[in-house]
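In what follows, a structure is listed as structure tokens, so that the remarks can point back to it.
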Amino acid sequence: MPAEHENEPEAVVRVGRVGRPHGLDGAFVVEDASEDARRFEVGSALRVDGEQAVVVLSRRVGGGRPAIKLDRAARRGGELTVPRAELPPPESGSYYVADLVGLEVVELEGERLGVVTDVLPGVANDVLELDNGLLLPLVEDCVRDVDLVQRRVLVGPGFADHG
């Protein structure tokens with residue numbers, strides 16, 4: 001491996017957050033949980049705030065949300081992540097949030113709108129949150145192209161109006 005990559009952190013993807021305790025056995029509800037239920041099965045490896053952990057108990061609670069217990073203590077609000085390399089490739093036309101964060105957002109006419117800082121769940125569709133506070137719906141009319149190689153998102157006209 002070339003020396004310039006030695007200190008780069010391994011790419012990780014957030015699969016949830018440590019939520020409120022559930023029961024008296026050390027389990028907690030997983031907030032913002034990945035839709036892939038296999039992430040939370042007994043024996044699954046996760047990282048909590050960057051530290052290796054293994055799921056030792058798993059159950060479903062209200063609304064089908066996962067509640068898990070890890071083999072180590074986890075602070076409430078801690079990030080649950082997995083290495084990006086362990087994820088299957090996304091379906092055509094789908095992207096992992098980690099792939100979109102940091103991409104430059106540009107209108108078809110060429111105006112730079114900002115940089116993606118997060119993807120927020122919405123009622124009808126997810127929303128791209130930009131570094132300047134602008135929110136853009138993750139729908140075909142708005143997001144015309146996602147180019148992971150050029151690291152940019154091309155959006156249609158009219159969505160950046162702060163009206």
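The values are calculated or read from the model by the stated rules, or taken from the named source; none is laboratory data. These numbers were taken from a predicted model, which means no experiment stands behind them. Here the Cβ is made from the backbone with ideal geometry for all residues, glycine too, and neighbour counts use every protein chain on show. For the accessible areas, the whole protein counts, side chains as well, though only heavy atoms, and no ligand, DNA or RNA atoms are used. Shrake-Rupley method; radii C 1.70, N 1.55, O 1.52, S 1.80 Å.
A compact table of results
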quantity: Filter result (closer than 14 Å to Val82 by Cα and outside any loop (DSSP other than H, G, I, E, B)) within the range 31-53; calculated: Ala37, Arg38, Arg39, Phe40, Ala45, Leu46, Arg47, Val48, Glu51, Gln52, Ala53
quantity: Conditions (1) over 22 Å from Ser44 (Cβ atoms); (2) out of contact with any Lys or Arg (no Cβ under 9 Å at 6 or more places or on another chain): number failed by Leu154; calculated: (2)
quantity: Extreme residue, nearest to Val153 (Cα to Cα), among residues of the range 111-122 that are more than 10 Å from the chain's Cα centre (by Cα) and open to solvent by 50 Å² or more (accessible area, probe 1.4 Å); calculated: Arg112
quantity: Every residue from the range 81-105 that is among the aliphatic types (A, V, I, L, M), open to solvent by 20 Å² or more (accessible area, probe 1.4 Å) and closer than 17 Å to Arg152 by Cβ; calculated: Val97, Ala98, Val101
quantity: For Ala74: the one exception among (1) more than 30 Å from Val54 (Cβ to Cβ); (2) touching a Phe, Trp or Tyr at 6+ places or on another chain (Cβ under 8 Å); (3) of a type in the set (A, V, I, L, M, F, W, C); calculated: (1)
quantity: Residue ranges of strands (runs of 3 or more DSSP E) in the range 56-163 with at least 1 members under 30 Å from Phe28 (Cα atoms); calculated: 65-70, 79-83, 112-120, 127-130
quantity: Members of the range 27-53 found to be of a type in the set (A, V, I, L, M, F, W, C), open to solvent by 10 Å² or more (accessible area, probe 1.4 Å) and over 13 Å from Arg17 (Cβ atoms), listed by number; calculated: Ala37, Val42, Ala45
quantity: Residue in the range 109-121 that is touching a Cys at 6+ places or on another chain (Cβ under 8 Å) and of a type in the set (A, V, I, L, M, F, W, C) present; calculated: no
quantity: Selected residue (criterion: most open to solvent (accessible area, probe 1.4 Å)) from residues of the range 54-71 that are of a type in the set (D, E, K, R) and farther than 13 Å from Val18 by Cα; calculated: Arg60
quantity: Search result, residues across the range 10-26 that are closer than 20 Å to Leu87 by Cβ, surrounded by fewer than 14 Cβ atoms within 10 Å (Cβ to Cβ) and touching a strand residue (DSSP E or B) at 6+ places or on another chain (Cβ under 6 Å); calculated: Glu10
quantity: Enumeration of residues in the range 126-156 that are touching a strand residue (DSSP E or B) at 6+ places or on another chain (Cβ under 8 Å) and either open to solvent by 50 Å² or more (accessible area, probe 1.4 Å) or among the aromatic types (Phe, Trp, Tyr) (or both); calculated: Asp126, Glu129, Asp131, Asn132, Leu135, Leu138, Arg144, Asp145, Arg151, Arg152
